[in-house]
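Trainee: Questions regarding the structure given below will be posed in turn.
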Amino acid sequence: MSTRAKPPFIPAEALAKKARLQSTLRVMEERGPSREPACLQALRALMAAPSSPDPEATLEAIRTNHLLEEAGELLRGLRREGGNPAWVDALVSRLAPLAAKAQQQRSARWQLDTRRVLIRFCYAKEDGALGFDDGDLHVIFLQAFRLEGLRLLLDLGKRPRPLLSVGLPLPVGVGGRAESMDVVLRQDPPEDPEDLMARLNHRLPDGVRIHQWQALPGYASPVGDLALQSHWRWEVPAEDRTLAMGKIASFLEASRWPWDRGPSFQEEAVDLRQVLSELRWEDSVLCFSTRMEGHPAVNPLKMLGAILGMEAPRIQGLVRTAVDLKPDPRLGQAERFQPKLKNMYEDAVLLEGASNITLVDEDDDEPIHLG
């Protein structure tokens, strides 16, 4: 009797979703030459080679360009696609300690790194992009930034990941005109934001377009901490309008509308009268708002379905048109977050009796002398 483990069952829907995403990423690559650093492109080519080529020149270029951590993460992601698993594992083993050392050095300089820049970009998700979820969009934007040569900073986790974070969740099938993500770049790009957005939009799939690019201090609060209200618009199909109008009228007349989200949620029923507001009709369009404080991840399709007595997948064409944000309290408290060279100098005087200290950044040609 065979004891060999059966391969995991993967639903056909999940396989189709993965195939669609992979197809989208390939199309993005075909829309123009890659601006990714040449040494990382060479590493990709080595991974795809049928033989075991000599990687020394590529590894030296990776060290010279301070891309050891990026190369290590790239290898981990591509190792299953390598033509020679033994050679790939050997290369991963060689890069791992170098990448670990690079991360230690970066961690030590993290608070003093004034070159990194936080960008909050707003984008629209419409039409052909409605089938993408947040995870898909995360991968798509990473691909666009990589192909356009915009180098993302990595986090300080055990397996460093590019610092690209989704703003507010948006379900599959729901559009958005004011969606946002935060990305941390190694340094401020020299190009004008309009030119950068044009380049990225050329890469992005149909239905995804960046329309705002804002540089913020690295200590800015994430959008999820600032969101107050989301505003929605739903073009109600003709066959559902009579039902929808009657249900909305009943909802507005009720003082409470408890919604039990099911056994997987431990909290008490949500009172949708406290979450949904400003419901009004504009001809055949239903407009409403949802309170985000305390409910940032509640699916708007399910909330609307709970009011109308409809299954969420039946609601097609819902769009988030805007998000209200409160002022970011951190932006007015720069002194709490910004590193100060003055404080470093004062500490050096106290601890070393006014002796000089020298900080050397391996990415710069000249050290910074304090004291």
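Trainee: Of the residues S277, S255, S230, S250, which single one is over 14 Å from G294 (Cα atoms), touching a helix residue (DSSP H, G or I) at 6+ places or on another chain (Cβ under 8 Å) and either assigned to a helix (DSSP H, G or I) or of a type outside the set (K, R) (or both)?
Mentor: Going through S277, S255, S230, S250 in turn, just one is over 14 Å from G294 (Cα atoms), touching a helix residue (DSSP H, G or I) at 6+ places or on another chain (Cβ under 8 Å) and either assigned to a helix (DSSP H, G or I) or of a type outside the set (K, R) (or both): S255.
Trainee: A further question follows. Do you know which residues across the range 183-208 are surrounded by fewer than 20 Cβ atoms within 10 Å (Cβ to Cβ), under 24 Å from W232 (Cβ atoms) and in contact with a strand residue (DSSP E or B) (Cβ under 8 Å, 6 or more places away or on another chain)?
Mentor: Hit for the range 183-208 is G207, nothing else.
Trainee: If you don't mind, another one. Within the range 209-228, take every residue that is surrounded by 15 or more Cβ atoms within 10 Å (Cβ to Cβ) and among the hydrophobic types (A, V, I, L, M, F, W, C) and give me the one that is farthest from L118 (Cα to Cα).
Mentor: A227
Trainee: Filter the strands (runs of 3 or more DSSP E) completely within the range 88-187 down to those with at least 3 residues that are among the hydrophobic types (A, V, I, L, M, F, W, C).
Mentor: 117-125, 175-185
Trainee: Related question: Among the residues of the range 114-125, is any small (G, A, S), within 30 Å of R330 (Cα to Cα), at pLDDT 85 or above and surrounded by fewer than 14 Cβ atoms within 10 Å (Cβ to Cβ)?
Mentor: Scanning the range 114-125, I find no residue that is small (G, A, S), within 30 Å of R330 (Cα to Cα), at pLDDT 85 or above and surrounded by fewer than 14 Cβ atoms within 10 Å (Cβ to Cβ), so the answer is no.
Trainee: Taking the range 264-319 as the search range and keeping residues that are closer than 12 Å to R233 by Cα and touching a Lys or Arg at 6+ places or on another chain (Cβ under 7 Å), which one is surrounded by the most Cβ atoms within 10 Å (Cβ to Cβ)?
Mentor: Ranking the candidates gives V319 first.
Trainee: Hey, does the range 138-155 have a residue that's among the hydrophobic types (A, V, I, L, M, F, W, C), within 15 Å of V323 (Cβ to Cβ) and at pLDDT 95 or above?
Mentor: No, the range 138-155 has no match at all.
Trainee: Restricting the range 141-155 to residues that are out of contact with any Phe, Trp or Tyr (no Cβ under 7 Å at 6 or more places or on another chain) and among the aliphatic types (A, V, I, L, M), which is farthest from R209 (Cα to Cα)?
Mentor: Among them, the one singled out is L154.
Trainee: Here's a follow-up. Determine, yes or no, whether R20 is in a helix (DSSP H, G or I) and either in contact with a Gly (Cβ under 8 Å, 6 or more places away or on another chain) or modelled with pLDDT under 90 (or both).
Mentor: Yes: the conditions hold for R20.
The values are calculated or read from the model by the stated rules, or taken from the named source; none is laboratory data. Keep in mind that what you see is a predicted model, and the values were worked out from it rather than measured. Cβ: placed from backbone, ideal geometry, glycine included. Neighbour counts: every protein chain shown.
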